[in-house]
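Notes follow the structure.
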Amino acid sequence: MVEQQRRLRTEIPGPRSNELHARKQAAVAAGVGTTLPVYIERAGGGIAMDVDGNQLIDFGSGIAVTSVGNAAPRVVSSVQAQVSDFTHTCFTITPYEEYVAVAEKLNELTPGDHEKRSVLLNSGAEAVENAVKIARAATGRASIVAFDHAYHGRTNLTMALTAKSMPYKHRFGPFASEIYRVPMAYPFRWPTGPENCADEAFATFTSQVHAQIGESNTAAVIIEPIQGEGGFIVPAPGFLRMVAQWCAANDILLIADEIQSGFCRTGDWFACEFEGIVPDIVTTAKGIAGGLPLAAVTGRADVMDAVHAGGLGGTYGGNPVACAAALAAIETMAVEDLCGAAKHIESIMLPRLRTLAEKYGVIGDVRGRGAMLAIELVADVGSREPNPDLTSAISAACHREGLITLTAGTFNNVLRFLPPLVIGEALVQEGMDIMESAFAATA
Ligand SMILES: *Cc1c(COP(=O)(O)O)cnc(C)c1O
């Protein structure tokens, strides 16, 4: 594995990264952005090493993907073995055991002990698309309810579900129909204060569905149990439970999009578990396979099996190499107790973030769970005016010091932290030191 040590040999980005970036600009479509133009050569644990020999601390995990670490040993050997056995048959032509084994694991690990079925796909957006297809087929209803600040992907249907225009939807319409948006129980920005947030958001949600769609036309409600790209918004306590109960009472399916929050990220296998929610359908991707492209929809057997044979699938969905990676990643999470590791990361980072927030009034909110933590930056103490300029300045200062940080949020004013769950404690502390220095120098 790459030595678990931050090391800066050149400026960030260094000369070889700059050369590669010039090639990228000339060869890759301009719409494909770059957060930090540092080109990676090797990575593992909590470190990413670039082509100039710099070693950066990773607080991003490639957006919550490499939770088991990059090139995780079990994933590497499992993938190597699979790649030399066979690489593809198309599961819907001639099947193989690895796909079935991943489905069995998902059925076992997702919330609820009812009978379940799974379908495997290639990306998170594709999983969300299929969850909607399944919900419509199972209910015979068309309408889907999504929330403010939601992110569900970049395909046409998932752009319709995603809330934020720039950069995800801008100029890409028209979007799919029968998608309705309701307010999110966002405690920090709830107009009447966080203590009223859950009840009032729930009341608005039910009255809007009733008045604007009609319960009997509503197939499903889709929600991220902790919103990802929207800014790591943790719904006000109790909100998810009320939504789940109301869905059940109205025969509306609850789809939990656990693509970012799943697989030990929040300290549980799935973020729904914290509030004891049992969704009808769960979408997963990102952390599932240690970096190989894989996604899934898992749901109640009666719901999933409502779709006719041939209605679900795709050429690559559940590719055997990706499945081998997923089996190894899931084994790693269980054997190495990565849910416990996420809680341990929280116990180091959260107090330090809170201390930082006491010192700098521009940190308006500290939130998240496990190794899915964030701070929201505002103009001044007590203000809720977003501070996107400071957010990008702090992030850039961290990058220059060799700490990979990501931003998020509808208003581009959230710094989010998603370290690999296998990161060592010393690197977490050092990353936090860098962040503190960035605030000292910038805020
Ligand atoms: C990333 C993400 C998606 C989309 O996944 P892709 O693999 O990028 O298509 C959907 N939902 C959530 C919550 C996500 O974080």
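The values are calculated or read from the model by the stated rules, or taken from the named source; none is laboratory data. Small disclaimer: the values here were computed from a predicted structure and weren't measured. Cβ coordinates were reconstructed from backbone atoms using ideal geometry, including for glycine residues, and neighbour counts include every protein chain displayed. Calculation scope for accessible area: heavy atoms of the full protein, side chains included, ligands and nucleic acids excluded. Shrake-Rupley method; radii C 1.70, N 1.55, O 1.52, S 1.80 Å.
The table below lists the values:
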item: 1.4 Å probe accessible area per residue over the stretch 139-190, in Å²; result: 43 Å²
item: Structure-based [θ]222 nm, the chain - -39500 (n - 2.57) summed over DSSP H runs of at least 4, per residue, nearest 500; result: -11500 deg cm²/dmol
item: Where only C-alpha atoms are counted, convex hull volume of the chain per residue in Å³; result: 141 Å³
item: Whole-percent pair-distance distribution, where bins are 5 Å wide, for the alpha carbons of the stretch 212-263; result: 5, 19, 26, 23, 17, 10, 1, 0
item: Listed peptides 282-293, 184-195, 213-224 by packing density, highest first (mean Cβ within 10 Å); result: 282-293, 213-224, 184-195
item: Spin-label pair K133/T192, simplified geometry with 7 Å Cα→Cβ offset, distance in nm; result: 4.3 nm
item: Peptides ranked, highest mean first, by Cβ atoms within 10 Å: ranges 114-126, 244-256, 97-109; result: 114-126, 244-256, 97-109
item: Geometric extent, Cα atoms of the stretch 74-335 - Rg, Dmax (angstrom); result: 18.1, 60
item: Candidates R42, R369, R74, ranked by Gaussian network fluctuation over the chain, Cα under 10 Å, top entry; result: R42
item: Spin-label model distance (nm) - H114 vs H88, 7 Å beyond Cα toward Cβ; result: 3.6 nm
item: Radius 11 Å from Cβ of L294, net charge of other residues (Lys, Arg +1; Asp, Glu -1); result: -1
item: Local net charge near L327, Cβ-Cβ under 14 Å (Lys/Arg +1, Asp/Glu -1); result: -4
item: Projected area averaged over orientations for the stretch 336-412, convex hull of C-alpha atoms, nm²; result: 5.6 nm²
item: Per residue, in Å², the accessible surface of the stretch 208-254 once ligands and nucleic acids are set aside, probe 1.4 Å; result: 32 Å²
item: Alpha-carbon radius of gyration plus Dmax, which is the widest Cα pair, for the stretch 376-443 in Å; result: 12.4, 36
item: Accessible carbon and sulfur surface of the chain relative to its total accessible area, %, 1.4 Å; result: 52 percent
item: The chain: DSSP helices with Cα axial extent of at least 20 Å and average Kyte-Doolittle hydropathy no lower than 1.0; result: 320-335
item: Translational D in µm²/s for the stretch 338-380 (Stokes-Einstein at 10 °C, 1.306 mPa s, Kirkwood Rh from C-alpha pairs); result: 149 µm²/s
item: Neighbour net charge for I252 - beta-carbon separation under 11 angstrom, K R +1, D E -1; result: -2
item: Under-24-angstrom lysine pairs by C-alpha in the chain, whenever the two are 8 or more apart or on separate chains; result: 13
item: Candidates A271, A201, A22, ranked by Gaussian network fluctuation over the chain, Cα under 10 Å, top entry; result: A22
